[in-house]
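To keep things clear, I will list the structure first and then write my remarks on it.
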Amino acid sequence: MIDAEREGDDGDVEAVKDLMRAHGESLRADADLLAELGLRLDVANIIDFGPVALSRVSAAHARESGERKRLEAMARANFAAQAQTHAAVVDMLESRNHADLARRVDELARLRFGLAAGVIALEGPGHIPAGWRALVEGQVDLILGPRKLTLMGHAPTALGLFGDIARQLGSLALVRLAIWEPARQGVMAFASPDPDAFTADMGAELVTFLARVLERTAERWPIP
């Protein structure tokens, strides 16, 4: 019974097709019927799926436009970050001593990059410059991990560098320092309350560049 009904349906479809073929001119002349079917005639007098095609083109354009805007926004953000980094380098190079360098690192973090704080920490034993955080020997490896140069994201072992504001912080950017000869190990650290400000998949090139500038600047003044 079902097969018979299916054969009947197929026969009806074929009959409609034959009818459309036989009366193609009338069909093309009936604009209202074409609109109801979602069809239209193009300039070559050929029926096409106009609304469907237009919707597909519109969707593709929206995707392309969205991706382009995302890339443009990323490019603007990268350019702004590079410009601020270059200005930060000039600020550090103008430091008068170690204490002034530490102050400038914190100021550039807050005022130039909109972060919560920036600090310099140095391992002992030995003199710790004014304004720098003191670390025990081996603490840099505990904070960053052995032989790691950078850490971006959540770093509970480094929260103590930021004192009273530690509980407000969501993410950190940490770079290992090696200053003077023989080298003293240290860390340059930036902190943000935003957990997405620094993430593990984020490039660390700019903060690493700042750390190298900091090392060369700090070496201007020997320490006891």
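Looking only at the stretch 119-139, decide whether some residue is of a type in the set (D, E, K, R), out of contact with any strand residue (DSSP E or B) (no Cβ under 7 Å at 6 or more places or on another chain) and in the same structural domain as Phe198 (by TED's automatic domain parsing). Looking for residues that are of a type in the set (D, E, K, R), out of contact with any strand residue (DSSP E or B) (no Cβ under 7 Å at 6 or more places or on another chain) and in the same structural domain as Phe198 (by TED's automatic domain parsing), one finds none in the stretch 119-139, hence no.
When the stretch 177-217 is limited to residues that are of a type in the set (Phe, Trp, Tyr) and within 15 Å of Ala116 (Cβ to Cβ), the one that is surrounded by the fewest Cβ atoms within 10 Å (Cβ to Cβ) turns out to be Phe198. Scanning the stretch 152-170 for residues that are of a type in the set (Val, Ile, Thr) and surrounded by 13 or more Cβ atoms within 10 Å (Cβ to Cβ) returns a single hit, Thr157.
Please enumerate the residues belonging to the stretch 153-202 that are part of a helix (DSSP H, G or I), in contact (Cβ under 8 Å) with a residue 40 or more places away in the chain and either out of contact with any strand residue (DSSP E or B) (no Cβ under 8 Å at 6 or more places or on another chain) or on the phi > 0 side of the Ramachandran plot (or both).
Gln168
A count restricted to the stretch 105-126 and to residues that are modelled with pLDDT of 95 or more, surrounded by fewer than 21 Cβ atoms within 10 Å (Cβ to Cβ) and either basic (Lys, Arg) or more than 21 Å from Ala197 (Cβ to Cβ) (or both) stands at 1. Just wondering, is there one or more residues in the stretch 185-204 that are closer than 19 Å to His86 by Cα and modelled with pLDDT under 95? So far as the stretch 185-204 goes, yes, one or more of its residues are closer than 19 Å to His86 by Cα and modelled with pLDDT under 95. Tell me whether the stretch 163-170 contains one or more residues that are more than 15 Å from the chain's Cα centre (by Cα) and charged (D, E, K, R). Yes, there is a match, as at least one residue in the stretch 163-170 is more than 15 Å from the chain's Cα centre (by Cα) and charged (D, E, K, R).
The values are calculated or read from the model by the stated rules, or taken from the named source; none is laboratory data. No experiment lies behind these values; they were computed from the predicted model shown. Neighbour counts are summed over all protein chains in view; Cβ atoms, including those assigned to glycine, are modelled from backbone coordinates with ideal geometry.
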